[in-house]
Amino acid sequence: MKLYSEVLGKSVEVPDRPERIVSLAPAITETLYMLGLEERVVGVSFFCDKPPQVSKKPRVGAYLNVNYSLLEKLRPDLVLVTTGAQRERIAELESKGYVVYPIPLPVSVYGILDGIIVVGMVVGEVDKARQLASSLLDRLMELRGALKGVKLYYEIDLGGPVSVGAYSYIGDAFKLMGASHVFEGQRIPYVINPSPEAVKAFDPDVIIYEQKLGEKASIESVRRSLEARGMGSLRALREGKVVIMEYDSLAHYGPSFFEAAKTMAERVKAVLGASRAEAA
């Protein structure tokens, strides 16, 4: 059947019911598993680690490269990719005769839900996808206003310090919860090497730090990192109001993002203290 792709600007001929799916994006892989389609997944990327069962699947590549000799052996009838850094892989895969369908990167929490439905459409399981998206939407609505009035600074290490702007599902989640964040006025997804002056001027109530792979961060390690960049005077640091998030929790835009967002909100409330949490 033909499915139109806004990303490609053309229709893609996909199987009515793909049976040998390769996913090159962690969020897509998790979605396929949440839809109960693990038996139809024959290969994943090196970064796919949710749910834990995915560790049994062959690894056929990363964001920017593909092991074509292994891919050929797996004989996929559908390869699912995302956009952004993977755009170049689309043409490369198509040139080798593979059926490729890109799932757009989300820029809002609702975009995550849209992505789930699109995956369901492409693999012939749209009813299951709508049910999953609906249940996650209910969970999302429980977070509305959960951090009303709280000022946040979020940082993740992606080979260097990175924060988020307005064009980000993470920043969008903060806003849905009623919180504000340092770079919400910048219409970009990510802020590379965030300005210490901007962070200090914003004076966040809480600092949220998401660990990188293999890292065991602590309030002290976050303090040292920020002090080295001229942010040691931040009130949130002085008061120890730092929330450490697990690796690839908020950065991951699959179905488990909503549980991670709930965990983050609970931890923020905990560091703010009972009185502030009740007021929020």
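Give the separation of the Cα centroids, the stretch 63-115 to the stretch 193-218, in Å.
Using only Cα atoms, the two centres lie 32 Å from each other.
Could you list which residues have their amide H under 5 Å from that of Val41, counting only those 5 or more apart in sequence or on another chain, with H placed in the peptide plane?
Answer set, sorted by chain and number: Ile21.
Using the crude model of +1 on Lys and Arg Cβ and -1 on Asp and Glu Cβ, and no other charge, please compute the dipole size for the stretch 179-231 relative to its Cα centre, in debye to 20.
In total the dipole reaches around 180 debye.
When ranked by the protection proxy of mean other Cβ atoms within 10 Å per residue, highest first, what sequence do the peptides 43-51, 57-65 form?
The packing order, highest mean first, is 43-51, 57-65.
Hey, quick one: spin label on Glu72, modelled 7 Å out along Cα-Cβ, who in the stretch 97-130 has an amide N within reach, i.e. under 20 Å?
Counting backbone N atoms under 20 Å from the label point, the list is 97-100.
Please sort through the DSSP H helices of the chain and keep those with an alpha-carbon extent of at least 18 Å along the long axis and a Kyte-Doolittle average not below 1.0.
Helices meeting the span and hydropathy rule in the chain are 109-123.
Among Ser249, Ser218, Ser180, determine the one that fluctuates most according to a GNM of the chain built with springs between C-alpha atoms less than 10 Å apart.
Of Ser249, Ser218, Ser180, the most mobile in the Gaussian network model is Ser218.
Using helices alone, I'd like the mean residue ellipticity at 222 nm for the chain: each DSSP H run of four-plus residues gives -39500 (n - 2.57), total over residue count, nearest 500.
Calculated at 222 nm, the ellipticity per residue is -11000 deg cm²/dmol.
How would the stretch 151-279 be classified by its alpha-carbon gyration tensor: rounded, prolate or oblate, with rounded meaning a/c under 1.5 and the a/b versus b/c comparison settling the rest?
Rounded is the answer for the stretch 151-279, as its axis ratio a/c remains below 1.5.
Grab the beta carbon distance between Ala91 and Ala228, set R0 = 51 Å, and tell me the FRET efficiency rounded to 0.05.
With a Förster radius of 51 Å, E is 0.75.
Say each of Arg235 and Leu3 gets a label point 7 Å from the Cα, pointing the same way as Cα to Cβ; how far apart are those two points in nm?
4.9 nm
Once you've got the GNM for the chain with C-alpha springs shorter than 10 Å, pick whichever of Val12, Val242, Val109 has the biggest mean-square fluctuation.
Val12
For the stretch 131-264, build the charge dipole from Cβ charges (+1 Lys, Arg; -1 Asp, Glu) around the Cα centre, then report which of Ser180, Ile156, Met245 sits farthest towards its positive end.
Ser180
Of Phe46, Ile90, Thr29, which is farthest along the charge dipole of the chain in the positive direction, counting Lys and Arg as +1 and Asp and Glu as -1 at C-beta?
Phe46
Using each residue's phi in the stretch 205-213, evaluate 6.51 cos²θ - 1.76 cosθ + 1.60 at θ = phi - 60° and report the 3J(HN,Hα) Karplus result to the nearest Hz, with x for Gly and Pro.
6, 9, 9, 10, 10, 9, 5, 8, 4
Place a +1 charge on the Cβ of each Lys and Arg in the stretch 78-189 and a -1 charge on the Cβ of each Asp and Glu, then give the dipole magnitude about the Cα centre in debye, rounded to the nearest 20.
The calculation lands at about 240 debye.
Taking the Cα centre of the chain as origin, sum charge times position over the Cβ atoms of Lys and Arg (+1) and Asp and Glu (-1), and report the length of that vector in debye to the nearest 20.
Roughly 300 debye for the chain.
Can you work out the FRET efficiency for the pair Asp127 and Ile192, with r the C-beta to C-beta distance and R0 = 51 Å, to the nearest 0.05?
Efficiency computed from Cβ-Cβ geometry: 0.80.
If you take the charge dipole of the chain about its Cα centre, with +1 on Lys and Arg Cβ and -1 on Asp and Glu Cβ, which of Val14, Tyr190, Leu78 is farthest toward its positive end?
Of the candidates, Tyr190 comes out farthest on the positive side.
Evaluate E = 1/(1 + (r/R0)^6) for Lys212 and Arg17, where r is the Cβ-Cβ distance and R0 equals 30 Å; express this FRET efficiency to the nearest 0.05.
0.20
Rule-based calculations on the coordinates, nothing more; no lab input. Bear in mind that the values here come from a model prediction, so they are computed numbers and not experimental data. Every residue, glycine as well, gets a Cβ built from its backbone with ideal geometry; the counts of neighbours run over all protein chains shown.
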